[in-house]
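Input: a single structure, listed below in structure tokens.
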Amino acid sequence: MKNLLALVFITLLAFGTGCGSDPVKPEIDPKSRIGILKIDMSDFKFNPDRIDLNSGTRVRIVLSNSSSANNHGFSVGYGVTKQGGASTGFKNDLFENVEVIVTGPAKSVRPGTTVLTRDGGLDESNGSFMIVKSPGTQPTVIEFTVPEKLGEYELASFENGGKDYQDGMKGLIKVFPKSDMRATWEKMPKVNTPKPK
């Protein structure tokens, strides 16, 4: 009986402390109306690793790499591409045809199909939008308006020959509509619709 109680306690403790994290939303600056979202990459995880975004919101991601030794990448999409057996990026990129401004140091910035503004060099290789950060450098800022591409996207690093991704350096980003659809529905004009007989 004591073993059963201990098992129940451990199970409740595991669920109570959260086997996963709650999704994080950008903190909206009241003056600029820009959502600020800090994302840290470490060995081998993102913090936060679950993010909710509303389409149409202007977002400024402050991206850092707190690893002491490893480069890590930032890419968002779905449908992993492989080259020579290694995961290298996404077939479907959240940032496709999105205007993106990147400022601050980065080991490399691969524009993919973004409309990119950046001072500094670019990685002209093929693939989805990706930023690679060296360990311990100053943050890189990624600013964009969340596109109306509703759904779930993976947040991932494909560095170290795809090993980061293979080792679980992933997260989840959900893109929601601009506003609560229920609220929009309730604001619609009321019409006197005849009742069926």
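Filter the range 79-102 for residues that are buried (at least 16 other Cβ atoms within 10 Å of the Cβ) and touching an Asp or Glu at 6+ places or on another chain (Cβ under 9 Å); which is nearest to THR145 (Cα to Cα)? Here the answer is VAL100. Number of residues in the range 40-54 that are surrounded by fewer than 20 Cβ atoms within 10 Å (Cβ to Cβ), of a type outside the set (S, T, N, Q) and in a strand (DSSP E or B) equals 4. Residues in the range 55-86 that are part of a strand (DSSP E or B) and without any contact (Cβ under 8 Å) to a residue 60 or more places away in the chain: GLY79, THR81, GLN83.
The sole residue among ASP180, ASP164 that is at pLDDT 95 or above and acidic (Asp, Glu) is ASP164. The set of residues in the range 145-168 being over 12 Å from the mean Cα position of the chain (by Cα), under 28 Å from GLY120 (Cα atoms) and in a loop (DSSP other than H, G, I, E, B) consists of PRO147, PHE158, GLU159, ASN160, GLY161, GLY162. In the range 59-71, the condition of being farther than 17 Å from TYR165 by Cα, crowded, with 19+ Cβ neighbours inside 10 Å and of a type in the set (Ser, Thr, Tyr) is met by at least one residue. The single condition among (1) under 29 Å from SER32 (Cα atoms); (2) assigned to a loop (DSSP other than H, G, I, E, B); (3) small (Gly, Ala, Ser) that GLY171 does not satisfy is (2).
The values are calculated or read from the model by the stated rules, or taken from the named source; none is laboratory data. The model shown is predicted, which means the values in this text are computed figures rather than measured ones. No Cβ is skipped: glycine too gets one built from the backbone with ideal geometry, and neighbour counts run over all protein chains shown.
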